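Right, one structure below, let's go through it.
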Amino acid sequence: AAADPGSHATPPVERRQQQSPAPVTRTQERIWYMQQMLQGRPTYNLPSGHLLHGELDRAALERTLREIVRRQAALRTTFEREGGTLQMIVHEDAPGEIMGFDDLTETPEADRRRRLDELLEQAIALKL
């Protein structure tokens with residue numbers, strides 16, 4: 001139904017036909033710029049490790065995470081400078097492995113926390 005011409009309703013956001021590249025907002029550009037200045041600092045990354053009990057169906061977990069990434073364009077988006085302009089690039093798929101997997105069950109309890117910290121530091125340093 002068409003909106004009443006006299007109403008102040010916000011028009012719906014239309015889905016872009018072409019997903020990539022797209023202009024960024026000022027806030028996105030500001031965050032990108034700060035990340036360039038603070039390279040190596042995990043300001044906007046929140047890595048985590050999880051202790052799981054019982055048998056893990058890694059294939060099911062991988063399928064589930066891939067489906068989440070397929071549905072959420074933000075998880076497939078990178079930022080690149082093109083012709084002096086910062087743009088969002090929405091990729092069709094997330095290439096490669098969605099998540100790392102390290103089985104620490106054979107790692108002695110005393111070394112487990114240290115190894116987990118190392119793995120989290122590596123995850124923070126990754127760039128998509």
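The values are calculated or read from the model by the stated rules, or taken from the named source; none is laboratory data. Because the structure is predicted, anything quoted here is derived from the model rather than measured. Cβ coordinates were reconstructed from backbone atoms using ideal geometry, including for glycine residues, and neighbour counts include every protein chain displayed. Each accessible area value is taken on the protein alone, full model and side chains, heavy atoms only, with ligands, DNA and RNA left out. Shrake-Rupley method; radii C 1.70, N 1.55, O 1.52, S 1.80 Å.
How are the C-alpha pair distances of the range 43-114 spread across 10 Å bins, as whole percents from the shortest bin up?
Going out from 0 Å in 10 Å bins, the range 43-114 shows 14, 35, 29, 16, 6, 0 percent.
ARG66 versus ILE31, label points 7 Å from Cα toward the beta carbon: distance in nm?
Label-label distance for ARG66 and ILE31, simple model: 2.7 nm.
Which sequence of HIS50, HIS8, HIS91 reflects their accessible areas, 1.4 Å probe, from the largest down?
Ranking HIS50, HIS8, HIS91 by accessible area, largest first, yields HIS8, HIS50, HIS91.
Which length gain, in nm to one decimal place, applies between HIS8 and LEU75 when the Cα-Cα distance is subtracted from 0.36 nm times their residue separation?
Extending this stretch completely gives an extra 20.8 nm.
Within the range 72-86, name every residue whose backbone N is under 12 Å away from a label modeled 7 Å from Cα of MET99 along the Cβ vector.
Zone members listed by number: none at all.
Over the heavy atoms of GLU97, what accessible area does a 1.4 Å probe trace out, to the nearest 10 Å²?
Estimated to the nearest 10 Å², GLU97 gives 130 Å².
Ranked from the most accessible area to the least, with a 1.4 Å probe and all protein chains present, what is the order of ARG58, ARG26, ARG70?
ARG26, ARG70, ARG58
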